[in-house]
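To start, the structure itself, in structure tokens.
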Amino acid sequence: MKRFVTVLLFTLVFHSALSCQEEKEAAFRPETFFGTHIFSFDLGYMRTGLLNNGWGLGVTYEQQVFNWFSVRGSFSHMTLWPKNYDITITTEGISMDMFFYPFNRGLEWLYMGCGMATEFFQYSGDDAKNPDDGSEHTENTAISVCPELGWKQNFMNYVLMDVFFGYRIILNDPDFPVYATGITKSGAEYGIKIKVNLRSVLNLVFRR
């Protein structure tokens, strides 16, 4: 009985110490734009879709694991009707990235990392047939890696500007048909993504 009481007291003290440590860490944890996660829409696929007489949309979710480390998953879809071809191209893409934030600021400021993506292409239409033997070229798969470097800057907790640069490397040889060449390829990727904190904006607009 005495041994049981001793073990119970030790467990309670140990648990209290852990709780106090977690509270201290939470108190000093820097505030980030979306707290510990960012859910956003990627309109870059819409641009690619419009350039090919189609449409597209991507969604991303980034989750902070530690103040200095996060993981991000993405999904995309595009439906394209390239000019001068009787073809419909449908694509789906999934990716997973890992990022390191050296300033220990959560999902803000400088970050660097790398990710892997898989994109699936399906073709339908008269031009999907091979003119030489009449066989159909109905699908492709592209697997790529992309190291990335960027900076996320928070403006008054309403807008987050994400300046990024990456270099995509396709690992396999998809052998794209001529009408799909250029949709996905190895090379530099860079730009500025603007993320709007809708919760903060709506609270500002409708607060009394």
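The values are calculated or read from the model by the stated rules, or taken from the named source; none is laboratory data. Source: prediction; values computed, not measured. Note that we place each Cβ from the backbone using ideal geometry, even for glycine, and neighbour counts take in every protein chain shown. Heads up: the accessible areas ignore ligands, DNA and RNA and are worked out on the full protein's heavy atoms, side chains in. Shrake-Rupley method; radii C 1.70, N 1.55, O 1.52, S 1.80 Å.
Can you give the net charge of the other residues whose Cβ lies under 12 Å from the Cβ of Y111, counting K and R as +1 and D and E as -1?
Details: positive: R72, R105, K152; negative: E62, D97, E108, E148, D162.
For residues surrounding Y111, the net value is -2.
Run the numbers on the stretch 34-193 and let me know its relative contact order in percent, using alpha-carbon pairs under 8 Å that are six or more apart.
Numbers: 391 pairs, mean separation 23.8, N = 160.
Answer for the stretch 34-193 is 15 percent.
Element breakdown for the stretch 67-168 at a 1.4 angstrom probe: carbon and sulfur atoms account for 63% of the accessible area. Given a Förster distance of 35 Å, report the FRET efficiency between L198 and K83 from their Cβ-Cβ distance, rounded to the nearest 0.05. Given R0 = 35 Å and the Cβ-Cβ separation, E is 0.45.
If the segment from W55 to T118 were pulled out straight at 0.36 nm per residue, it would be longer than the present Cα-Cα gap by 20.7 nm. Using the Cβ of P147 as centre and a radius below 11 Å, the other residues enclosed give a net charge of -2, where K and R count +1 and D and E count -1. Rounded, prolate or oblate for the stretch 142-195? Axes are the square roots of the Cα gyration tensor eigenvalues, ordered a ≥ b ≥ c, and the cut-off for rounded is a/c under 1.5. Verdict is prolate for the stretch 142-195. For the stretch 168-173, backbone phi angles converted through the Karplus equation (6.51, -1.76, 1.60; θ = phi - 60°) give residue-by-residue couplings of 7, 10, 7, 7, 9, 10 Hz, Gly and Pro being listed as x. Charge tally around Y61: other residues with Cβ under 15 Å, Lys/Arg +1 each, Asp/Glu -1 each, net -1.
Would you mind getting the accessible area per residue of the stretch 84-170, heavy atoms of the protein chains only, 1.4 Å probe, in Å²?
Values: 4640 Å² over 87 residues.
Value for the stretch 84-170: 53 Å² per residue.
Could you compute the FRET efficiency for L110 and I169, with r as their C-beta to C-beta distance and R0 at 30 Å, rounded to 0.05? Can you show the working numbers first?
Values: r = 23 Å, r/R0 = 0.75.
It comes out at approximately 0.85.
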